[in-house]
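Notes follow once the structure below has been shown.
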DNA sequence: CAAGCGCTGTATCTTACGATACGTTTTTTA
DNA sequence: TAAAAAACGTATCGTAAGATACAGCGCTTG
């Protein structure tokens, strides 16, 4: 039983009363910096009183607060001196602690962006920046939340954003509103959904710009798409990972916000006023 | 002229008298841990007297010793969050190709998992693995899609999963179904939503296990939560990033699936038959 | 070599930080 | 449901830690 403070906490957090557990969680969330501050600051960050902090460190086995801080400092000193934490080398220690799926996800994100060119990003952002274009978003069974996430942000920085929800028939009815200068963003990873393919084909026939977010094996919708972003989805798990597409979505939101800076800033200000 | 303390020192060390220079060297030698200790300890380690230490920090431009320590702590907090900036040098390799927000997101994910213990994951998975427990998910303005994503998967591998949608009043009506052995998963990052807090408080009063997914500054809901997962959300963008929480969600889904392997496999097979 | 200036340490003071006693509220158990 | 136990926060206290005044010493310079 090593005496790393963090390990002490995860060992004993179950036996702690509510207030002390809050202290523990606050410390873990910003480990270890909060513990180096004064009791008053620590207690405020954790939302409890000073005595609760002191009872917390006492429960961890320390005689007093300075002793607790000394332990954190020693730990920190050891950590900063070990060359392992330098460079970008993968930490040997905590491999196995982090599930393999997370490691794979990180690599998926990196690999995804290796295959997305700056020009492609610029082109997509340019499409989305057109103020007169209507923008529609739709996704599949597991990817629709990503579409929803993107829609939630887009709605704020520009007008005419619609997330298509519910049944396929609902989407189809919206086709009537789509024209040549409009944009549809479709999220579709395997197993690819027939309904999305049918919808994409009809949208394509109306001349809409289709931006497809799919996996590396490319949904058949790629056939109709103006832009295709292929995210890596494979992880050692029964499920595919949509994390790479999620990060792509966030990145596009950020880039578009920058591009529309002046206009969206004004728009956001107006929104605040309406509250 | 950034005010990194280390840079300040190397800038001004030449203009310092002998005693203060010894202080500077001692600090640089075990940077920054010595500076976090008391003036007395610092002075002893440097082999000078206390007032010399105080004159030293005054020369660096700090009004008093606590202010100096606060600067070190802030620096440390920033450093621990993005080891990329370790040596102080900017990233050499892939600048320009990958947007900075993506790099930050990758680091956020890594850092998030650095603060999540294996035990905590196991505990949460154990809660979610109870077949008789009802599981509810709810999120805020931008995080609700993450809750939805998780719900979409959970629904498949276990029964009694419900995503709470729509108005706050809708959620409240579901409180009636929640009991001591049930679980509520809440996603809440700043700006924290009052409505979620109110809901969490009432759920807590009913004895429900609350699992909170928040940012590193901890939503006030942490007060009521049995488990708190603090994801890093800061990116160089006007928006916060929920990607780390998204990856946490995927990881939990994967772990739970493994845990429920036999049962969920049977369940999935039955589902296939129903198509 | 002597005089002046500046740096440093000792001693003292003051503040604010950690510790604790106690009353109130909450939770648990009979 | 009531009684007992535990936990939490408020208010207060003692002390340790940072700040300062001042004297001694060394170093530089004329």
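Sorted into 5 angstrom bins from 0, the C-alpha pair distances of region B:203-275 split as 3, 14, 15, 15, 15, 14, 11, 8, 4, 1 percent.
Specify the angular offset, from 0 to 90 degrees and rounded to the nearest 10, of the alpha carbon long axis of helix A:261-274 from the longest principal axis of the alpha carbons in chain A. Around 80 degrees separate the two axes. Nearest 0.05, what FRET efficiency do residue B:129 and residue A:67 give at R0 = 60 Å with Cβ-Cβ as r? For R0 = 60 Å, the calculated efficiency reads 0.95. If you take the beta carbon distance between residue B:259 and residue B:175 as r and set R0 to 30 Å, what does 1/(1 + (r/R0)^6) give as a FRET efficiency, to the nearest 0.05? FRET efficiency, residue B:259 to residue B:175: 0.60. Across region A:5-85, the volume of the C-alpha convex hull divided among the residues equals 83 Å³ per residue. Shown is the FRET efficiency for residue A:191 and residue A:165, computed with R0 = 30 Å from the Cβ-Cβ distance and rounded to the nearest 0.05: 0.90. Relative to the longest principal axis of the Cα atoms of chain A, the long axis of helix A:118-129 lies at roughly 70 degrees. In degrees, nearest 10, range 0 to 90: what is the angle between the Cα axis of helix A:50-59 and the longest Cα principal axis of chain A? Between the helix axis and the principal axis of chain A, the angle is about 70 degrees. All alpha carbon pair distances within chain A were sorted into 5 Å bins beginning at 0; the resulting P(r) in whole percents reads 1, 5, 10, 12, 11, 9, 9, 9, 9, 9, 7, 4, 2, 1, 0. Would you kindly work out, in nm and rounded to one decimal, the distances from the label point of residue A:172 to those of the same position in each other copy, ordered shortest first, with label points 7 Å along Cα-to-Cβ? Here the equivalent label points are 4.1 nm apart from this one. For region A:160-239, the equivalent ellipsoid derived from the alpha-carbon gyration tensor has semi-axes of 23, 14, 11 Å in decreasing order. Shown for residue A:115: label points 7 Å from Cα along the beta-carbon vector, and their distances to the equivalent points in the other copies, 3.3 nm in ascending order. Extending 7 Å from Cα along the Cβ direction at residue A:216 and again at residue B:201 yields two label points whose distance is 5.0 nm.
Put simply, region A:109-224 fits an ellipsoid with semi-axes of 20, 18, 14 Å; these come from the alpha carbon gyration tensor as the roots of five times its eigenvalues, largest first.
Treating only the Cα positions of the protein assembly as shown as identical point scatterers, give the base-10 log of I(q)/I(0) from the Debye formula at each q in 0.07, 0.11, 0.12, 0.13 Å⁻¹. Normalising to I(0) and taking log10 leaves -0.46, -1.06, -1.22, -1.37.
GNM remark for chain A: springs join alpha carbons under 10 Å apart, and the peak mean-square fluctuation among A:168, A:75, A:201 falls on A:75.
Placing a label point 7 Å from the Cα of residue B:66 along the Cα-to-Cβ direction, the distances to the matching points in the other copies come to 1.7 nm, shortest first.
Only the coordinates and a few stated rules stand behind these numbers; no lab work does. None of these values were measured; they are calculated from a predicted model. Because the Cβ atoms are built from the backbone with ideal geometry, glycine has one as well, and the counts that use them run over all protein chains shown.
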